[in-house]
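For reference, the structure is listed below as structure tokens.
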Amino acid sequence: MCNECFQSIDINPGQACVVCDKEAMVQNQICENCKQDFSFDNVFVMSKYEGLVKQLISALKFDYIEDIAQKLAELFVQSVDKADLADKLNKQLILPIPLHKKRYLERGFNQSELIAAEIAKLLNMQFNKVGLDRIKNTKQQANLNKEQRINNMKDAFCASIDQIPEIVYLFDDVFTTGQTMNEAAKALKQAGAKRVNVLVLAHGS
């Protein structure tokens, strides 16, 4: 990917709610009305799931081009710098959304884990790839409707970290309905986390 294309990606595209897509009364990219239905506290989204960002994520996940993880991490850090959030993330714990063991064996890697590890290096964050377990082999969320997605992700995770800090940052590549993050955040709060903040590359379906 040439530098011109890399610089053309639109990062931090507005403040519409990632759940209902309304722009009124939005703080931290989720409105107060939608926030009541989720276990996580704040959301930070780098970009929309379209164009070059969508192509890069798809190439990493489905064409297995693992080197793309570093470029996506660099782009994410640019968006964090643009939003003046780098200081808040310094030394905080970042946990990637895990794949189920069966899915991991099929793919050979977890794309969210690769990207989160690079982000942790660039932002001086703590990184733990085994702090969260996916104990339920869920179906692909993209192929399900809203009700099916909720049922699909229910009780899918458990926290496996020994000493969980009060604030945890959850990372994933794409945010669609938020059900994956919701169940992961619920598991972390049951394990003792006070706040679970969400970091994602892109929002869309």
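The values are calculated or read from the model by the stated rules, or taken from the named source; none is laboratory data. Everything numeric here is computed off the predicted structure, so don't read it as measured data. Heads up, the Cβs are rebuilt from the backbone with ideal geometry, glycines too, and the neighbour counts pull from every protein chain shown.
Do we have GLN7 as in a helix (DSSP H, G or I) and modelled with pLDDT of 90 or more here?
no
Name the pairs: first residue in the range 64-80 and surrounded by fewer than 19 Cβ atoms within 10 Å (Cβ to Cβ), second residue among the aromatic types (Phe, Trp, Tyr) and part of a loop (DSSP other than H, G, I, E, B), Cβ to Cβ under 7 Å, at least 6 apart or on different chains?
GLU66/PHE109
With the requirement that a residue be within 15 Å of the chain's Cα centre (by Cα) and over 15 Å from LEU95 (Cβ atoms), what does the range 154-200 give you?
Listed by number, the residues that qualify are VAL174, PHE175, THR176, THR177, GLY178, GLN179.
Go through the residues of the range 128-146 one by one and say whether even a single one is of a type in the set (A, V, I, L, M, F, W, C), in contact with a Phe, Trp or Tyr (Cβ under 9 Å, 6 or more places away or on another chain) and buried (at least 19 other Cβ atoms within 10 Å of the Cβ).
Taking every residue of the range 128-146 in turn, at least one turns out to be of a type in the set (A, V, I, L, M, F, W, C), in contact with a Phe, Trp or Tyr (Cβ under 9 Å, 6 or more places away or on another chain) and buried (at least 19 other Cβ atoms within 10 Å of the Cβ).
Output the number of residues of the range 25-81 satisfying the condition of being in contact with a strand residue (DSSP E or B) (Cβ under 6 Å, 6 or more places away or on another chain) and more than 14 Å from ASP10 (Cα to Cα).
The total comes to 10.
Do any residues in the range 40-53 that are in a helix (DSSP H, G or I) have Cβ atoms under 6 Å from those of residues that are modelled with pLDDT of 90 or more and buried (at least 19 other Cβ atoms within 10 Å of the Cβ), where the two are at least six apart or on different chains, and which pairs are they?
Pairs that qualify, where the first residue is in a helix (DSSP H, G or I) and the partner is modelled with pLDDT of 90 or more and buried (at least 19 other Cβ atoms within 10 Å of the Cβ), are VAL53/SER47; VAL53/ALA202.
Within the set of pairs 6 or more residues apart or between chains, which connect a residue that is over 10 Å from ALA73 (Cα atoms) inside the range 115-132 to a residue that is assigned to a helix (DSSP H, G or I) and among the acidic types (Asp, Glu) with Cβ atoms less than 6 Å apart?
LYS129/GLU113
When SER205 is evaluated against the numbered criteria (1) surrounded by fewer than 22 Cβ atoms within 10 Å (Cβ to Cβ); (2) within 18 Å of LYS35 (Cα to Cα); (3) in contact (Cβ under 8 Å) with a residue 40 or more places away in the chain, which criterion, by number, is the only one it fails?
The number of the failed condition is (2).
For the range 96-205, give me every one of the strands (runs of 3 or more DSSP E) that falls completely inside it and has 2 or more residues that are at pLDDT 95 or above and not hydroxyl-bearing (Ser, Thr, Tyr).
167-175, 195-203
Of the residues ASN110, ASN90, which single one is loosely packed, with under 13 Cβ neighbours inside 10 Å, free of Cβ contacts under 8 Å to residues at least 60 places away in the same chain and of a type outside the set (Asp, Glu)?
When all the criteria are applied, what remains is ASN90.
Are any residues in the range 151-168 buried (at least 23 other Cβ atoms within 10 Å of the Cβ) and in contact (Cβ under 8 Å) with a residue 60 or more places away in the chain, and if so, which ones?
Within the range 151-168, VAL168 is the sole residue that qualifies.
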